[in-house]
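Student: What follows is a structure written as structure tokens; I'll ask about it next.
The values are calculated or read from the model by the stated rules, or taken from the named source; none is laboratory data. Keep in mind that what you see is a predicted model, and the values were worked out from it rather than measured. When we count neighbours, we look across all protein chains shown, and the Cβ atoms used for this are built from the backbone with ideal geometry, even at glycine. We work out accessible area using only protein heavy atoms, side chains counted, and drop any ligands, DNA or RNA first. Shrake-Rupley method; radii C 1.70, N 1.55, O 1.52, S 1.80 Å.
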There are 2 protein chains.
Amino acid sequence: MAILQIIENPEKHRWPSLLKRPVLQAENLDNTVREILEAIKKGGDEALNSYSVQFEQSAISDRIVSKKEFEEAEGKLGEDLKKAIRQAKINIETFHSNQLAPEAEVEVMAGIRCWRKAVAIERVGLYIPGGTAPLFSTLLMLGVPARLAGCKEIIVCTPPQPDGSIHPAILYTAALLDIRRLIKAGGAQAIAAMAFGTETIPKVYKIFGPGNQYVTHAKKIIQQEGIAIDMPAGPSELAVYADESAIPEFVAADLLSQCEHGTDSQVILVTSSRGFAEAVNAALELQIESLPRKSIALKSLENSKMFLLKDPGIAMDLLNEYSPEHLILACRNPEIYSTGVRNAGSVFLGNYAPESAGDYASGTNHTLPTNGFARAYSGVSVDSFVKKISFQQLTRNGLQCISNTVTEMARAEGLQAHAAAVEIRFSTPKTQ
Amino acid sequence: MAILQIIENPEKHRWPSLLKRPVLQAENLDNTVREILEAIKKGGDEALNSYSVQFEQSAISDRIVSKKEFEEAEGKLGEDLKKAIRQAKINIETFHSNQLAPEAEVEVMAGIRCWRKAVAIERVGLYIPGGTAPLFSTLLMLGVPARLAGCKEIIVCTPPQPDGSIHPAILYTAALLDIRRLIKAGGAQAIAAMAFGTETIPKVYKIFGPGNQYVTHAKKIIQQEGIAIDMPAGPSELAVYADESAIPEFVAADLLSQCEHGTDSQVILVTSSRGFAEAVNAALELQIESLPRKSIALKSLENSKMFLLKDPGIAMDLLNEYSPEHLILACRNPEIYSTGVRNAGSVFLGNYAPESAGDYASGTNHTLPTNGFARAYSGVSVDSFVKKISFQQLTRNGLQCISNTVTEMARAEGLQAHAAAVEIRFSTPKTQ
């Protein structure tokens, strides 16, 4: 039944158990993934080929997407979809290019100049799930900031369909981004290939993108070997805070848009009004009937709850404790309310900011911290594709200003050579 | 012998093996650390106490540093050292406060406003090594950005001396930063305590700081459980690029300052001149004699090399391939040369910017990516203590502008409910 359980004024000590996330884990996940990683590390392309046959029912002769495949993709897509992808790309570029502002240089003391410079990570790997749901929107969300950052090599791995082809929307999007190294490979084996390198796939320094449990577990393991990843993964979620100014039908539609993602999705509604909660439940029952992914949505509604909380401050405390990936504030004066958000991935204000807007086209990134990771992690941005290198230049006088500071501290830490490196610069004749 | 091996014009395919980092790994490291983590997770403070007796020869009755201990610390330090710590703190604050600049809001299209806001991670844990080398400078490097970011709870764990006391320089520095939750705990068990929480130590969302192999391995494992860490750890290193304008004695002193850190430290000198390389070797031999940590420095010189490369472009390629934690450009026009740096943690320009300056007092952070991680990771900054939450507010007209884009893309991805969440907003009467 498409009805959410309503919990009224739960005591604070009950919050953690009420806000638990669903846990799905394939049996033997860790062993299976480690086996795959090991096999690719040793066997390279050959191992990759045998996994393709095993998992994708596809014997791929040429793993790298050809120029011809790129060219043919355009003709296979409707004009409306192409226009939509181009519009989304422009908006994502507009929002993300704002993240490129250089940091000012600082003259810390006279003769001591320090600054940081954002420098692109040279080689990055993007994983784009394919198959039944070709996530070309995720390719935009990762490819646009990678391009803006100036990454020199951008490798994309995406699983082919059984006939060895890639969905034309993915090809079209890659071409728009001028990403030409698109590799037909999926699953943990694709992550392994980008982490260790194979004969055809270069080793990258950082891997981005969502995927099934095998993919996300593989990312977790290769991170331990020193390859950076965008963020840890977990089930996706949406929390909505609504007062009486919200529209139950809109809220129900937003909840369902999250619920259709997967059976481990979760939604939370926090409201002060029982009447509103019941109206949302009624709208859920009605709306779910017309969804092609109804059975998935029903499952994830089972993981989900409504909370009745009269006090907006306590409501915000609960939402911050939950740390949702997506948070919709469907209330009066959402700008004021939003200042209380301490933990969330992306926040949507008002009645006309559905999660779908940010998922596709408003310009913000949709690769966000799930599973409560919003407490410490940010979503993907241009920052994710650069590292900030610090620089400093000191004159002789500048160094002189801090020479006692350095030598005192170095000696107190027992690091005599650190002190000596400063002292020697004042014990020899002046140099330029 | 304190002499570095000189390698002339190595072919590019030999670089990876020539630039290998030393690997030290305690036997049974993984098992030992996992055992400790498990014990703390289950046993809390009691388990922590039994490890203290075992590893630190210290039965600690009160693990939390008292007000009295803080007060007494000040009297135990010389005025010069206190002044030095205060000066360093001011410079680090000056440089890091520059990182707080808010990002501008973007009007992506008419009626679509998007922005990001940096919000402090609420609870962070800092690990500060103690014992023979009390790293109060690291407490400044982590505590200053944590304070600037606005972290509400800052927990510091540091191992006590056998008599149960903490070095007064650590206490003085913590008090300067107004950090009062200083906990006497060291090793992997301290990391576990901050990751899982115990009766006296709160669970934190992100853990920072250096440590021995047990500490860094523990951080690696708890990261897999969803607790964020500052960055992966590895042996520390310095690379110097020097032309004839450099002073061999200065360069030798800088190399030794890196070498005294630990036996797994590594230094690399790249120069075009054999004469210069030999002069540095002569200076190393002379200077090493007076170092209290001579035996450590000698060991790490064994891990180290000099490269003779005539072409400055190739020299920079080699340095970028190495991706050093610290890079000194002791050459003419280092500003110009520095634009070629693609992979490094922190770069020092000219003859008067020794690594020691940045280690202590110029204002830049000294918690930097080692072990080649500079290819994808940045050093610690205010950014490390915040997450950037994205926000968006759309008017009805704003959403209308992108409604076709969203619905086209959502349908092509097979996500009907995503499309419906936009459509429903235009199928009901206008709402505010």
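Student: Kindly indicate which of B:393, B:400 is at the interface with chain A (Cβ under 7 Å from one of its Cβ atoms) and either in contact with a strand residue (DSSP E or B) (Cβ under 6 Å, 6 or more places away or on another chain) or under 27 Å from residue A:88 (Cβ atoms) (or both).
Tutor: Selected residue: B:393, the only one of B:393, B:400 that is at the interface with chain A (Cβ under 7 Å from one of its Cβ atoms) and either in contact with a strand residue (DSSP E or B) (Cβ under 6 Å, 6 or more places away or on another chain) or under 27 Å from residue A:88 (Cβ atoms) (or both).
Student: Looking at segment A:178-198 only, could you name the residues that are closer than 16 Å to residue A:153 by Cα and in a loop (DSSP other than H, G, I, E, B)?
Tutor: Matches in segment A:178-198: A:178, A:179, A:180, A:197, A:198.
Student: Would you kindly identify the helices (runs of 4 or more DSSP H) lying entirely within segment B:15-132 that contain at least 2 residues that are of a type in the set (S, T, N, Q)?
Tutor: Details: elements: B:15-18, B:29-56, B:67-76, B:79-97.
The helices (runs of 4 or more DSSP H) meeting that bar are B:29-56, B:79-97.
This table checks each residue for (1) outside the structural domain of residue A:138 (by TED's automatic domain parsing); (2) under 19 Å from residue A:377 (Cβ atoms); (3) part of a loop (DSSP other than H, G, I, E, B); (4) over 15 Å from the mean Cα position of the chain (by Cα).
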position	(1), (2), (3), (4)
A:201	no, no, yes, yes
A:207	no, yes, no, no
A:211	no, yes, yes, no
A:220	no, yes, no, no
A:241	yes, no, no, yes
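Student: Can you pull out the residues in segment B:140-153 that are open to solvent by less than 10 Å² (accessible area, probe 1.4 Å) and under 24 Å from residue B:48 (Cβ atoms)? Spell out the reasoning first.
Tutor: Quick first cut of segment B:140-153, residues open to solvent by less than 10 Å² (accessible area, probe 1.4 Å) only: B:140-146, B:151.
Listed by number, the residues that qualify are B:142, B:143, B:146, B:151.
Student: Which number in (1) more than 7 Å from chain B (Cβ to nearest Cβ); (2) of a type in the set (D, E, K, R); (3) within 26 Å of residue B:341 (Cα to Cα) marks the one condition that residue A:411 misses?
Tutor: Checking residue A:411 against (1) more than 7 Å from chain B (Cβ to nearest Cβ); (2) of a type in the set (D, E, K, R); (3) within 26 Å of residue B:341 (Cα to Cα), the one that fails is (3).
Student: Give just the number: which of (1) open to solvent by less than 30 Å² (accessible area, probe 1.4 Å); (2) under 30 Å from residue A:89 (Cβ atoms); (3) more than 7 Å from chain A (Cβ to nearest Cβ); (4) without any contact (Cβ under 8 Å) to a residue 40 or more places away in the chain does residue B:426 not satisfy?
Tutor: Here residue B:426 clears every test but (1).
Student: Let me ask something else. Has segment A:415-422 got any residue that is more than 23 Å from residue B:95 (Cβ to Cβ), modelled with pLDDT under 95 and within 7 Å of chain B (Cβ to nearest Cβ)?
Tutor: Restricting attention to segment A:415-422, the residues satisfying the condition of being more than 23 Å from residue B:95 (Cβ to Cβ) are A:416-417, A:420.
Going one step further and asking which of them are modelled with pLDDT under 95, we end up with none.
Looking for residues that are more than 23 Å from residue B:95 (Cβ to Cβ), modelled with pLDDT under 95 and within 7 Å of chain B (Cβ to nearest Cβ), one finds none in segment A:415-422, hence no.
Student: Scanning segment B:250-300 for residues that are of a type in the set (D, E, K, R) and in a helix (DSSP H, G or I), which turns out nearest to the other protein chains (Cβ to nearest Cβ)? Let's see the steps before the verdict.
Tutor: Within segment B:250-300, the subset of a type in the set (D, E, K, R) is B:254, B:260, B:264, B:274, B:278, B:285, B:289, B:293-294, B:299.
Filter again for in a helix (DSSP H, G or I), leaving B:254, B:274, B:278, B:285, B:294, B:299.
Numbers: B:254: 5, B:274: 21, B:278: 18, B:285: 14, B:294: 9, B:299: 14 Å.
Looking at residues that are of a type in the set (D, E, K, R) and in a helix (DSSP H, G or I), I get B:254.
Student: Within segment A:385-405, can one find any residue that is farther than 30 Å from residue B:404 by Cα, assigned by TED's automatic domain parsing to the domain that holds residue A:241, open to solvent by 40 Å² or more (accessible area, probe 1.4 Å) and out of contact with any Phe, Trp or Tyr (no Cβ under 9 Å at 6 or more places or on another chain)?
Tutor: no
Student: Out of the residues in segment B:312-338 that are under 23 Å from the mean Cα position of the chain (by Cα) and among the polar types (S, T, N, Q), which is farthest from residue A:152 (Cα to Cα)?
Tutor: B:338
Student: Also: Can you tell me which residue within segment B:93-117, out of those that are within 9 Å of chain A (Cβ to nearest Cβ) and of a type in the set (A, V, I, L, M), is nearest to residue B:192 (Cα to Cα)?
Tutor: B:101
Student: Could you grab me the full set of residues in segment B:84-108 that are among the aliphatic types (A, V, I, L, M) and open to solvent by less than 50 Å² (accessible area, probe 1.4 Å)?
Tutor: Matches in segment B:84-108: B:84, B:85, B:88, B:92, B:106, B:108.
Student: Answer with yes or no whether residue A:137 is among the polar types (S, T, N, Q) and open to solvent by 20 Å² or more (accessible area, probe 1.4 Å).
Tutor: Here the answer is no, as residue A:137 does not meet what is asked.
Student: Now a separate question. When segment A:360-384 is examined, which residues are found to be under 26 Å from residue B:338 (Cα atoms) and open to solvent by less than 10 Å² (accessible area, probe 1.4 Å)?
Tutor: A:381, A:382
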